[in-house]
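Engineer: Quick one: this structure, given as structure tokens, is what I'll be asking you about.
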Amino acid sequence: MFNKVILIGRTTAVPQMRYTQSGKPVCSFSIAVNRNRRSSSDSGQQDVDFIDIVAWQNLAEICAKYLDKGKLICVEGRLQVRNYTANDGSKRKAYEVIAGDMQMLSPKNAHPQDVPNSTDDGLAEETKFEQIDPSDFGMNDDLPF
């Protein structure tokens, strides 16, 4: 069995930090993740999914300290389903990702409006790769692969 989720998206609000009765830190937030439409008539249209994230212990403290609304992040974790009874007595389910790791992808102290626009090839200007000549590193064409 395998349960692994990797998401890249922007935080939708300031993460909420709290502590369990036993004193364990837990931080909750959600991220907005773009999803491309597969229909041929929707040329390039995207939908947005809002995914709830829960981080525990040290990761919770890091998320609460460094994340803010609009930060671009990558979250790796597992999908968890919680069953609960709503105030009206109906049975409900909540789907959330329990974070095991989180990487901040936004530049330090950057806000969404500060991130450069993508170019036609889909890469931000500062992330375009420079062609490297293998001979600069002592490599030659005699490699067996």
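Engineer: Restricting to the stretch 69-82, name every residue that is loosely packed, with under 13 Cβ neighbours inside 10 Å and more than 24 Å from GLY23 (Cβ to Cβ). Walk me through how you get there before you give the answer.
Structural biologist: In the first step, residues of the stretch 69-82 are kept if they are loosely packed, with under 13 Cβ neighbours inside 10 Å; the result is 79, 81-82.
Within the stretch 69-82, LEU79, VAL81 meet the criteria.
Engineer: If you don't mind, another one. Restricting the search to the stretch 70-88, which residues are within 14 Å of ALA99 (Cβ to Cβ) and small (Gly, Ala, Ser)?
Structural biologist: GLY77
Engineer: Moving on. In the list GLN21, GLN57, which residue meets the criterion of being of a type outside the set (A, V, I, L, M, F, W, C) and surrounded by 10 or more Cβ atoms within 10 Å (Cβ to Cβ)?
Structural biologist: Numbers: GLN21 fails: surrounded by 10 or more Cβ atoms within 10 Å (Cβ to Cβ).
Checking each option against the conditions leaves just GLN57.
Engineer: Can you pull out every residue in the stretch 88-121 that is among the polar types (S, T, N, Q), modelled with pLDDT under 65 and open to solvent by less than 50 Å² (accessible area, probe 1.4 Å)? Steps first, please.
Structural biologist: First pass over the stretch 88-121, keeping only residues among the polar types (S, T, N, Q): 90, 103, 106, 109, 113, 117-119.
Cutting the leftovers down to modelled with pLDDT under 65 gives us 109, 113, 117-119.
Selection gives THR119 alone.
Engineer: Which numbered condition trips up ASP52, out of (1) open to solvent by 30 Å² or more (accessible area, probe 1.4 Å); (2) touching a Lys or Arg at 6+ places or on another chain (Cβ under 7 Å); (3) at pLDDT 95 or above?
Structural biologist: Evaluating ASP52 over (1) open to solvent by 30 Å² or more (accessible area, probe 1.4 Å); (2) touching a Lys or Arg at 6+ places or on another chain (Cβ under 7 Å); (3) at pLDDT 95 or above leaves (2) as the failure.
Engineer: What pairs come up if the first residue lies in the stretch 1-27 and is free of Cβ contacts under 8 Å to residues at least 40 places away in the same chain, the second is open to solvent by 50 Å² or more (accessible area, probe 1.4 Å) and of a type in the set (A, V, I, L, M), and their beta carbons are under 8 Å apart, counting only those six or more places apart or on different chains?
Structural biologist: PRO25/MET17; VAL26/MET17; CYS27/MET17
The values are calculated or read from the model by the stated rules, or taken from the named source; none is laboratory data. Note that the structure is a prediction, hence the values are computed from the model and not measured. Glycine also receives a Cβ, built like all others from the backbone with ideal geometry; neighbour counts cover every protein chain displayed. Keep in mind that these areas ignore ligands, DNA and RNA; they rest on the heavy atoms of the full protein, side chains included. Shrake-Rupley method; radii C 1.70, N 1.55, O 1.52, S 1.80 Å.
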